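> Questions regarding the structure given below will be posed in turn.
Computed from the coordinates by the stated procedures, all read-outs in this text should not be read as laboratory data. Since we're looking at a predicted model, the values are computed, not measured. Note: ideal-geometry Cβ built from the backbone for every residue, glycine included; neighbour counts use all protein chains shown.
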Amino acid sequence: MVNHMEKILLLIAFDHESAKRCIDELASFCEVECCNFMEELEASNTEPASVLYLMDCTSVDHLHNIEFIRNKYPDKNFFVISNTVSIPLLQHLLRIGVTDFFISPLSNKDKHTFFNRLKNETNVLLYPDKIVMDFDLFCAQMIKNNPIGALLNIIERDYIKSPSLKSLSEDIYLSPSRICHIFKDLCGISYSSYLICRKIEEGERLLTLGENTVTFISYQIGFANPSHFCRSFKEHFNMTPTSYASGNRDAKQSEAFSKYLKLRAELFSNVVLTEDQNNEISPFGKKNIC
C-alpha cells in the first residue's frame with residue numbers, strides 16, 4: 001500500500017473482476033487503493049481517508065468483515081456496495097454505523113451521493129473537473145420516473161428520526177399532500193403506517209435479541225415514549241413487547257403489518273433469503289477469509 005493513505009479511498013474487494021471494474025470507474029474521479037485480502041488489512045497500520053467495501057451477497061463472512069472494518073476505522077466514513085440487499089443486511093449496517101450503503105451497479109443518484117459525501121465529509125483526493133453531475137436534471141428525471149424510490153431511500157435512512165412530510169417534500173421536490181397520495185397509491189399503505197411499521201419491525205428484531213429493556217428499545221427506534229411503542233406493538237402483534245421479549249412468539253400480525261411486510265418483500269424481491277441464510281445473520285460464526 002502507498003504511504004499517502006490519508007488522501008486515499010481504500011477499496012476492499014475480494015473478487016478481482018469486481019474490484020477492477022470499481023477501480024476503473026473510481027480512478028477517474030479520486031485516489032483509490034485496493035486491498036484484496038483480509039490478512040493484509042488486519043496487518044496494516046495505515047489510515048486511509050475513507051473506506052469502501054464490495055460484497056456480492058449477504059454472508060456471515062461479509063458481515064464479520066464489515067464489523068471488523070468498522071471497528072478498525074471507527075472514525076472513517078465507511079461505505080458498502082453490494083450486489084444484493086436484504087432487510088437483515090440493512091439492519092446490520094445500521095447497527096454498526098456504516099456511513100452509507102449502495103446497491104450495485106450504482107445509479108446516477110447513488111454516484112452523486114457517494115462523491116458528494118467523499119467531497120464534503122472526507123479528505124479523499126478528488127478530481128472535481130472529471131465529476132460531471134447535473135443534479136438539477138437528475139432531480140427532474142428522478143421525480144418523473146420514480147419519486148417514491150427516493151422517498152423510500154430517505155425513510156430507510158432516517159426512519160428513527162420520523163422525517164416529516166414537510167422535510168421529505170424539500171428533499172424530493174413534491175408537496176406533502178402529493179407525497180401522501182403517491183405513497184398510498186403506489187405502496188397500498190399510508191406514509192405514517194409505513195413509518196410506524198418500519199419502527200415496529202426494528203423493535204421486533206431488538207426484542208428478539210433480548211439485549212435491552214422495552215423502554216430502551218422504544219427510544220432507540222424513535223418512539224416518543226414507551227407507552228406509544230407498547231400500544232403500536234400490541235396493535236400489530238396482538239401482544240405486548242414484554243410478552244414478546246419473554247419468548248412468546250404466538251403473535252398474530254395485523255393486516256396493516258402483513259401488508260407492510262409484503263411491500264418490503266417486493267421492494268427487495270431480488271434477494272431470496274433461505275432459512276439457513278437468515279440463521280447465519282447473528283450471531284457471527286467463525287470468520288473465514290473471502
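> Starting from the 7 Å offset along Cα-to-Cβ, what nm value, one decimal, do you get for the label separation of residue 181 and residue 219?
Between residue 181 and residue 219, the label points sit 4.1 nm apart.
> Below 8 Å, C-alpha to C-alpha, sequence gap of six or more: please give me the relative contact order for the stretch 195-267 in percent. Provide the component values of the computation, followed by the final result.
On the way: 58 pairs, mean separation 18.6, N = 73.
It comes to 26 percent, rounded to a whole number.
> Let me ask something additional. Based on the inverse mean of 1/r over its pairs of different Cα atoms, what is the Kirkwood hydrodynamic radius of the stretch 202-269, in Å?
Working: mean 1/r = 0.0805 Å⁻¹.
Here the Kirkwood hydrodynamic radius works out to 12.4 Å.
> If I stretch the segment between residue 265 and residue 173 completely, what's the gain in nm (0.36 nm per residue apart, minus their alpha carbon distance), one decimal?
On the way: separation 92, 0.36 × 92 = 33.12 nm, distance 2.70 nm.
My answer for the length gained is 30.4 nm.
> For a quick protection proxy, order the peptides 212-218, 173-179 by their average other-Cβ count within 10 Å, most packed first.
Going from most to least packed, we get 212-218, 173-179.
> Follow-up question, since we're still on this one. Which parts of the stretch 219-244 would a label at residue 258 reach, counting a residue when its backbone N lies under 16 Å from a point 7 Å out along Cα-to-Cβ?
Label zone hits: 235-239.
> If the chain between residue 153 and residue 117 were fully stretched, how many nm would it gain, using 0.36 nm times the residue separation less the Cα-Cα distance?
Extending this stretch completely gives an extra 11.4 nm.
> From the P(r) of the stretch 5-131, can you give the percent of Cα pairs sitting at distances over 23 Å? Don't skip to the end; give the middle numbers.
Details: 1942 of 8001 pairs.
Everything past 23 Å amounts to 24 percent.
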